[in-house]
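Here's the structure, in structure tokens; my notes come after.
The values are calculated or read from the model by the stated rules, or taken from the named source; none is laboratory data. Source: prediction; values computed, not measured. A quick note on method: Cβ atoms are made from the backbone with ideal geometry, for glycine too, and the neighbour counts reach across all protein chains shown.
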Amino acid sequence: MYRREFVISAGAALGAAGALSSKFGAAQAQDASAAAVPAQDAAQPAARPFGFEDVAALAQELGANAYNYRDSDLVGSFANLTYDQYRGIRFRRDRDPWLGSRDFALDLLAPGAIFHEPVDISLVDNGVVIPVKFDPHMFEFDSSLFPDGVDYETVGNMGFSGFRLRAPLNRPDVMDEFAVFQGASYFRAVARGTLYGISARGLAIGTGSAEGEEFPLFRAFWIHKPNPQDRSVLIHALLDSRSVAGAFEFRVTPGAETVFDTRVALFPRREMRNVGIAPLTSMYWFGPTDRTRVDDYRPAVHDSDGLQMLTGGEQRLWRVLSGHSTLQISAFSDVDPLGFGLAQRARRFEAYQDAEARYEKRPSAWIAPQDGWGAGTVTLVEIPVQNEFNDNIVSFWQPADPLTAGERHDFNYMLSFSPEPPDSAPISRVIETMSGQSVNNASARTFVIDFDLSVFGADDPLAHIKTSSGTIGHSYLLRLADQGRMRLAFEYIPEGEKLADLSAVLNGPEGPLSETWIARWTRE
């Protein structure tokens, strides 16, 4: 099973679904399953609008009790679906709960195939919670994939698998999909002019650990109906897992930069030491640093090519991604980080030569903490892969202190999807990294790093190169004026070592003129 499929099928569901609906607004809630559109005059105003602290109260209660797993018995036309059959089930546009809105549209997603844990979905209209009952008539079935027709009779309340949001993102007359929540605690988004690639998650637990990874699940969503003047969609979500329960709030604003204003409250069931806050998941197979190990016509295949960081001390780091034959975990210590994310910097078609996947259009994702996160590490996990179908890159913030059981832990951050992370500092950035065997020394590697030339004056900077093991050989700087690049090249001599962390920065008289380039070399 591909990791992309595994990570969205291994999340845990839990608890009785009906308890969530009855917690809030049971007396005034309406069954929205008939048309998936609440009646305008049926719901009475709530005494207090449903909000984040209501979900936090649910999460706190959930976290104080033993974890329960819940699975759906997929029957009828939703049972034993192939990949193509599942893709042949589509939400009917006339069942859109926000039908008639020119700003936003909402699709509810069917269960089936790898999506077998039920997800409860409620609409929130003027603060009133309106649970949506699963109804197979909400969906259209491709007749070529279901030649025997559709069995509606044996289907019970299996629950949904998630939802997607639409808006006029690229054209005013087309409701483009811009975000989807489906599978474990995974969600994806695109900005204007980009295509789906990198994913975000609610939480990462034990990623890369010897004990194995635990995949929490968003078990319930409350989706607020936007007012005509709103430019954002407000979403509340309840997360649960063996180790923790949590409340989430996402205020999602699509556009040239699609932004998730995010609030999180976690209630651990046990002490949690290996937890990842604001995790991002992406794919890297190969690129110019490791091109020789893959027999492929394309020069690069990846959704992201580096981990970009802005430390609490305002140091800018660029950790280039590489393919490795063994699991690699890198941790960058920091206090109160200002931002980090997985970026796709190579944005020309020529960098990939893939007319179908269009990797140059994959978005970058950036996490900007909105309060002090204290001490911890930005952690990068690189998992070996043999193809482009596996998500194998994970980044997250790991607090230095464990999350204690029975206590509330809050994190607030902005998550943005855009072509480039939103950092406009006047400092030279790495444009490209290349590597190959040295022509002068068969046991050495040559690294070539191209920086943006535009920030440098007439005087050349001073290159500062370091390695954690082995030695640095011959190095030089070269201006490539026509290409707009300042090229730094150097030899790395392993001297029998199997792993090295390399770094390089271009300095001026008053300090760094470039971000710090970082790479991990491993012996194949």
**Report entry** Leading residue by the ranking (nearest to the chain's Cα centre (by Cα)) among those in region 229-248 that are surrounded by fewer than 24 Cβ atoms within 10 Å (Cβ to Cβ) and part of a loop (DSSP other than H, G, I, E, B)
**Finding:** Ser232
Query raised in the report: Inside region 286-304, can you point out the residues that are under 13 Å from Thr433 (Cβ atoms), touching a residue at least 40 places away in the same chain (Cβ under 8 Å) and in a strand (DSSP E or B)?
Result: His302
Query raised in the report: For residues in region 304-357 being of a type in the set (Gly, Ala, Ser) and in contact with a Pro (Cβ under 9 Å, 6 or more places away or on another chain), which is farthest from Val190 (Cα to Cα)?
Result: Ser325
Report summary line: Taking first residues from region 165-183 that are over 30 Å from Glu214 (Cβ atoms) and free of Cβ contacts under 8 Å to residues at least 24 places away in the same chain and second residues anywhere that are among the β-branched types (Val, Ile, Thr) and crowded, with 20+ Cβ neighbours inside 10 Å, the pairs with Cβ under 9 Å that are 6 or more apart or on different chains are Asp176/Val190
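Considering every residue within region 119-139, establish whether at least one is small (Gly, Ala, Ser) and closer than 21 Å to Phe178 by Cα. Break it down stepwise before answering.
Taking region 119-139 first, the residues small (Gly, Ala, Ser) are 122, 127.
Now narrow it down to the ones that are closer than 21 Å to Phe178 by Cα: 122.
Yes, the conditions are met somewhere in region 119-139.
Let's see how each residue does on (1) touching a Phe, Trp or Tyr at 6+ places or on another chain (Cβ under 7 Å); (2) under 30 Å from Arg164 (Cβ atoms); (3) not charged (D, E, K, R):
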{"residue": "Val259", "(1), (2), (3)": "no, yes, yes"}
{"residue": "Val264", "(1), (2), (3)": "yes, yes, yes"}
{"residue": "Phe286", "(1), (2), (3)": "no, no, yes"}
{"residue": "Thr289", "(1), (2), (3)": "no, no, yes"}
{"residue": "His302", "(1), (2), (3)": "yes, yes, yes"}
Query raised in the report: Which is within 22 Å of Phe417 (Cα to Cα) and assigned to a loop (DSSP other than H, G, I, E, B), of Trp373, Trp318?
Result: Trp373
Query raised in the report: Regarding Arg251, is this residue buried (at least 23 other Cβ atoms within 10 Å of the Cβ), modelled with pLDDT of 95 or more, assigned to a strand (DSSP E or B) and of a type outside the set (A, V, I, L, M, F, W, C)?
Result: no
Query raised in the report: Looking at Leu266, Leu307, which is the one that is in contact (Cβ under 8 Å) with a residue 12 or more places away in the chain, more than 21 Å from Gly197 (Cβ to Cβ) and under 19 Å from the mean Cα position of the chain (by Cα)?
Result: Leu266
